[in-house]
Protein chains: 2
Amino acid sequence: MDVGTLVADARRGRPRAVARLITLVENAAAVPGGDERLREAMAAFATATGPGASGGGRGPYGARVIGLTGSPGVGKSTSTGMLIRAFRKRGRRVGVLAVDPSSPFTGGALLGDRVRMQEHATDPDVFIRSMASRGHLGGLAWATPQALRVLDAAGCDVILVETVGVGQAEVDVARLADTTVVLLAPRMGDGIQAAKAGILEVADVFVVNKADHDGAQALVRELRNTVAPLRGPWRPPIVSTVASRGEGADDLLAALDKHTAYLDESGELRRRRLARARDEIETIALARLRARFAPEGRERRLDFLAERLLAAETDPYTAADELLATLG
Amino acid sequence: MDVGTLVADARRGRPRAVARLITLVENAAAVPGGDERLREAMAAFATATGPGASGGGRGPYGARVIGLTGSPGVGKSTSTGMLIRAFRKRGRRVGVLAVDPSSPFTGGALLGDRVRMQEHATDPDVFIRSMASRGHLGGLAWATPQALRVLDAAGCDVILVETVGVGQAEVDVARLADTTVVLLAPRMGDGIQAAKAGILEVADVFVVNKADHDGAQALVRELRNTVAPLRGPWRPPIVSTVASRGEGADDLLAALDKHTAYLDESGELRRRRLARARDEIETIALARLRARFAPEGRERRLDFLAERLLAAETDPYTAADELLATLG
């Protein structure tokens, strides 16, 4: 199918076209910048995104991007499912992007918990996709914003980005979301430890899931004590949920709405989206440069330089310069 | 102090020089490729690293690089401490690099658990450093290999790289270590969930820590069932430890030695180090290119392009091309 038709169909919200475009993004992530069809699609979407393109008028996207992050086992997928239901009740069109930055080896892995979202499989206003990072060096940082553009163009009002794991992924999701939700659960060894890992800085909203388990109150108290001294205009609210039973959905939506209002009023939304646009441009630029290294035989050239580095015949900077000299 | 003296002192294993050089790496990570003093140091080390430079003769480094990864709370720092003691008993010089990829906001954060390693503070044959990622776009991918070069040049026989969190960090540590140890603990919600996150693919050795806790045996069984069907010449052993009491240290060392022997015999060590050298060269090359974007006013240029992208006046690829056109 030609790109023009795909783009037109995606803008009409046709699931197959949306899926095929995200697959285009995912496959191109292996050699970022190498796919001219993707470029064509993104150029076509550029006029489709933006205020008014899909309603909402909150800036570059019509869609509001909500990131969900937390350690394995805290209930991210269940919480995502809860949010899908809650936003659907409001009549919103919902996109879900589950990014799995630790699966470069398996490629395209469908996260197991995705099955819990099967109930939405026949809902034409819910788009759910997993996306694995095929490459390294920022493959996902490169691919995720483009997948968001596809879902936005398909008219999603809300896009939930679910990411696996604490660490870099956590920070990355904060860089591309308007609102970042950090999930914790009692007795996961997650309280203070997680706070140390930089989680405080990226959370706009905390969710203590499995709030019916022992230790939930203690975790809420611990979070409250940690959040209390935070300065700045926004102090992340702490919402208790039992996502498996849908408990706390209204509280969570209220907290999310409050943050959206804050983003609008403070000008923070514009600042965040500007930073995101900068990242997006720079990441694509670097990917395109990388694709131009040693056009006459990129792999062979890199192997040759790596061999010399291993043999201590060169240093990494000189080897890098030699690679740069091959820029086609 | 001039770089030549720093390098000479580091090669004599002087802790202050080692620390200052790693700080040089860490600071340069904010603007990778921008520091000519670092480049000079790395060039000087190029002849110092390699077979015979610091004993061992196992390839590019004398040092054997062991990565430790796992979710917060599994006991990574305690296990690192246990390994330091075990290797010191064998008379090995040990370097520890604790990388915290989720702390770009705090910068240079000394991980709290580092205090547990205070017992080695006066040991001249133990070097311990935390390193935070100041930037994004691969800041740590760029900095870690260079910090390893410093520790290697200082004559470390073993370098333990401890990383925070599952996700991208987990994969990154596997890309730069000779041997990757994945730690799990019972009742962390980590069993099957962690396996889903791609942990199986990167583990050379599994450690079930807190083996005295309920559920440890079940976790070992679960891992055994998951590992059993794995094909390939190396099946990751599963070691049970109680790191806080030093229990299992000998078993873990034996598993690590077995993997080292396998790496040598199979040629896998060379393959891994070649892949690592390629990554290192390419990452430096990209960082140097990035530093050359829009030399007349990089920030202003990026802001301008980001504004236009937000206003839907351009698409990300065209904006990236405009950025590339400014390459100085």
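The table for this structure:
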{"item": "Single residue of B:SER79, B:SER71 found to be in a loop (DSSP other than H, G, I, E, B), buried (at least 20 other Cβ atoms within 10 Å of the Cβ) and either in the same structural domain as B:PHE206 (by TED's automatic domain parsing) or modelled with pLDDT under 90 (or both)", "result": "B:SER71"}
{"item": "Test: residue in the range A:308-317 that is more than 7 Å from every other protein chain (Cβ to nearest Cβ) and assigned to a helix (DSSP H, G or I)", "result": "yes"}
{"item": "Test: residue in the range A:294-304 that is more than 7 Å from chain B (Cβ to nearest Cβ), crowded, with 23+ Cβ neighbours inside 10 Å and among the hydrophobic types (A, V, I, L, M, F, W, C)", "result": "no"}
{"item": "Options B:ALA254, B:ALA291; residue that is within 30 Å of A:ALA311 (Cα to Cα) and in contact with a Gly (Cβ under 6 Å, 6 or more places away or on another chain)", "result": "B:ALA291"}
{"item": "Hits in the range A:270-307 (condition: closer than 19 Å to B:ASP321 by Cβ, part of a loop (DSSP other than H, G, I, E, B) and of a type in the set (D, E, K, R))", "result": "A:ARG292"}
{"item": "Unique residue being among the aliphatic types (A, V, I, L, M) and more than 30 Å from B:ARG276 (Cβ to Cβ) when the list is A:ALA319, A:ALA285, A:ALA255", "result": "A:ALA255"}
{"item": "Selection status of B:VAL164, at pLDDT 55 or above, within 7 Å of another protein chain (Cβ to nearest Cβ) and touching a strand residue (DSSP E or B) at 6+ places or on another chain (Cβ under 7 Å)", "result": "yes"}
{"item": "Residue pairs meeting the criteria (Cβ under 6 Å; at least 6 apart or on separate chains; first assigned by TED's automatic domain parsing to the domain that holds A:TYR262, in the range A:220-235; second among the aromatic types (Phe, Trp, Tyr) and modelled with pLDDT of 80 or more)", "result": "A:LEU223/A:PHE206; A:TRP234/A:TYR262"}
{"item": "Selected residue (only one of A:ARG278, A:ARG273, A:ARG290, A:ARG245 is facing another protein chain (nearest Cβ under 7 Å) and closer than 29 Å to A:VAL207 by Cα)", "result": "A:ARG273"}
{"item": "Search result, residues across the range B:213-267 that are assigned to a loop (DSSP other than H, G, I, E, B) and aromatic (Phe, Trp, Tyr)", "result": "B:TRP234"}
{"item": "In the range A:252-273, the residues that are of a type in the set (Lys, Arg) and either free of Cβ contacts under 8 Å to residues at least 40 places away in the same chain or in contact with a Ser or Thr (Cβ under 7 Å, 6 or more places away or on another chain) (or both)", "result": "A:LYS258, A:ARG271"}
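The values are calculated or read from the model by the stated rules, or taken from the named source; none is laboratory data. Note that the structure is predicted; figures quoted are calculated from it, not measured. As a convention, Cβ positions derive from the backbone with ideal geometry for all residues, glycine included, and neighbour counts pool all protein chains shown.
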